[in-house]
Structures are given as C-alpha cells and as structure tokens.
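K.L.:
First the structure, then my questions, so here it is.
The values are calculated or read from the model by the stated rules, or taken from the named source; none is laboratory data. Just so we're clear, the structure is a prediction, and the values are computed from it rather than from any experiment. All Cβ positions, even for glycine, are placed from backbone atoms using ideal geometry, and neighbour counts span all protein chains on display. The area values use the complete protein model at the heavy-atom level, side chains included, leaving out ligands, DNA and RNA. Shrake-Rupley method; radii C 1.70, N 1.55, O 1.52, S 1.80 Å.
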Amino acid sequence: MRVKVDPLVCEANAVCVGIAEEVFDLTDDDELVILREEVPAELADKVRHAVRSCPKAALTLEE
C-alpha cells in the first residue's frame, strides 16, 4: 500500500499526523510530509483511518 498527498489540496490540518505520526509529519512551514510512502502492514489500518479522516480529502491510497 502507498499513500500520497495532493499538496494543492492539503491545508496541513494535521489530522493525519494525530492519527498516524509514524507516517505523516508537518514541516516548520506547515507542509505535510509523508515519512513512509510504502505503508507497512502493521500501520495499514491507521493510515486508512487517516485518509478517511482528512477534512480536505487530500490523501489517497494505492493498494
């Protein structure tokens, strides 16, 4: 599974960071960074939840 962010849509609300900080982070300039594009199996449920919870629908999954 791979996770991607559309930087034109993302508002850096950090909802995903709060759900899966192992995969998502914010820079000092409030830009979302994906720390692990290839999602490990043990984090898959957290990342799915983060993608569903994004208020701007800026995250996508490729399974």
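K.L.:
Looking at the stretch 25-63, which of the residues that are of a type in the set (D, E, K, R) and in a strand (DSSP E or B) is nearest to the chain's Cα centre (by Cα)?
P.N.:
Here is the first cut: in the stretch 25-63, the residues of a type in the set (D, E, K, R) are 25, 28-31, 36-38, 42, 45-46, 48, 52, 56, 62-63.
Imposing the further condition that a residue be in a strand (DSSP E or B) reduces the set to 25, 38, 62.
Numbers: ASP25: 8, GLU38: 12, GLU62: 13 Å.
Selected residue: ASP25.
K.L.:
Just one of (1) within 11 Å of ALA58 (Cα to Cα); (2) open to solvent by 70 Å² or more (accessible area, probe 1.4 Å); (3) outside any loop (DSSP other than H, G, I, E, B) trips up VAL3, so point out which.
P.N.:
Going through (1) within 11 Å of ALA58 (Cα to Cα); (2) open to solvent by 70 Å² or more (accessible area, probe 1.4 Å); (3) outside any loop (DSSP other than H, G, I, E, B) one by one, VAL3 breaks only (2).
K.L.:
Pull up the stretch 23-40, narrow it to residues that are more than 13 Å from VAL5 (Cα to Cα) and free of Cβ contacts under 8 Å to residues at least 12 places away in the same chain, then point me to the one that is surrounded by the most Cβ atoms within 10 Å (Cβ to Cβ).
P.N.:
This residue is PRO40.
K.L.:
Could you please find all residues in the stretch 12-24 being over 15 Å from LYS56 (Cα atoms) and more than 8 Å from the chain's Cα centre (by Cα)?
P.N.:
Passing the criteria: GLY18, ILE19, GLU21, GLU22.
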